[in-house]
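Please read the structure below before turning to the comments.
The values are calculated or read from the model by the stated rules, or taken from the named source; none is laboratory data. Because the structure is a prediction, the values reported are computed rather than measured. For neighbour counting, all protein chains shown are included, and Cβ atoms are generated from backbone atoms with ideal geometry for every residue, glycine included. When the accessible area is computed, the model is the full protein with side chains, heavy atoms only, and any ligands, DNA or RNA have been set aside. Shrake-Rupley method; radii C 1.70, N 1.55, O 1.52, S 1.80 Å.
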Amino acid sequence: RLEPLVLNRSIDFAIILNGAEQPRLITQHLMDDQVYLCVADSLLYACYGDGAKALKEKAVHGAYVEDFSALPFCIFDNHMGRQIAQCFDAANVVPRAYITSTYTQIGTTVCFQRLAACFMSQMSLASQRDEIPPDINIFPLYYKDGPLTQRLSLIRMKDRYLPHYAKYFLEQLFEYFTGLERIHMEREAG
């Protein structure tokens, strides 16, 4: 929705999940936003019993959806949800949907209430860092032997003049995303 607004000059720039390259746009990489599987300790132990501890130790270094197939999930009907659906499809696993939503905030709420597992991006986790209950496990989600990420980019018109204050804002934005990308969110509860 934002790309056409940049192209018709309604806005100067936008942050998007990478799409197709446009010859009239400058696309600058901001960060690869890691996707994490978040699940309460109590839910893990309820679904996996004594095997939960070993599962946690393994998943803190990379979680695969097939290892968590017994969990109820908050399933998203958005870009990130489509990426996660690929993980389930590749693993031949049908997720047990506790709730489906287009809003990731609903998944966070359901997870923090210990009702279902959810998926969250590094950016979302970092912004809610102080609100995450201590018994929530945060595991980096892996797909095909690598971390699942969403590429965030800034787009702007090639021939658009940017005033000094806009350039300053962009400098601050790049600095923020550089710092955000360095934060590691994975953790094992307990």
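For the chain, what is the number of Lys pairs with C-alpha distance below 30 angstrom, counting only pairs 8 or more positions apart or on separate chains?
So the count works out to 4.
Using modelled backbone amide H atoms (1.01 Å from N, in-plane), which distant-in-sequence or interchain residues come within less than 5 Å of Leu141's amide H?
Those qualifying (amide H under 5 Å, at least 5 residues apart or on another chain) are Val35, Tyr36, Leu37, Ala63, Leu148.
With each label point set 7 Å from Cα along the Cα-Cβ vector, what nm distance links Tyr45 and Gln128?
Result for the modelled spin labels: 2.3 nm.
For a label point 7 angstrom out from the Cα of Arg114 toward its Cβ, which stretches of the range 39-79 have the backbone nitrogen within less than 20 Å?
Only 39-57, 70-74 pass the distance filter.
With a bin width of 5 angstrom, please list the P(r) values of the range 119-190 as percents of all Cα-Cα pairs, from the 0 bin to the one holding the largest distance.
Cα pair-distance distribution for the range 119-190, in percent: 3, 12, 19, 19, 15, 12, 9, 6, 4, 1, 0.
Summarise the accessible area of the range 66-190 (1.4 Å probe, protein heavy atoms) by the percent that is carbon and sulfur.
Working: 3450 of 6840 Å².
C and S atoms contribute 51 percent here.
Would you mind getting the accessible area per residue of the range 67-190, heavy atoms of the protein chains only, 1.4 Å probe, in Å²?
Solvent-accessible surface per residue comes out at 54 Å².
Full extension from Ala90 to Arg151: what is 0.36 nm times the residue separation minus their Cα-Cα distance, to one decimal in nm?
19.9 nm
Could you give me the ³J(HN,Hα) list for the range 42-57, computed from phi with Karplus coefficients 6.51, -1.76, 1.60 and θ = phi - 60°, whole Hz, x at Gly and Pro?
Those phi angles translate into 4, 5, 4, 5, 5, 8, 10, x, 5, x, 5, 4, 5, 4, 4, 4 Hz.
Sorted from largest down, give the three principal axis spans of the alpha carbons of the range 1-55, whole angstrom values.
57, 17, 15 Å, listed from the longest principal axis down.
The range 100-190: which chymotrypsin sites (Phe, Trp or Tyr not before Pro) are DSSP loop and have at most 13 other beta-carbon atoms within 10 angstrom?
Listed in order of number, the matching sites are Tyr103, Tyr161.
For the chain, take the alpha-carbon Rg, divide it by the Kirkwood Rh, and send me Rg/Rh.
My calculation of the ratio gives 1.03.
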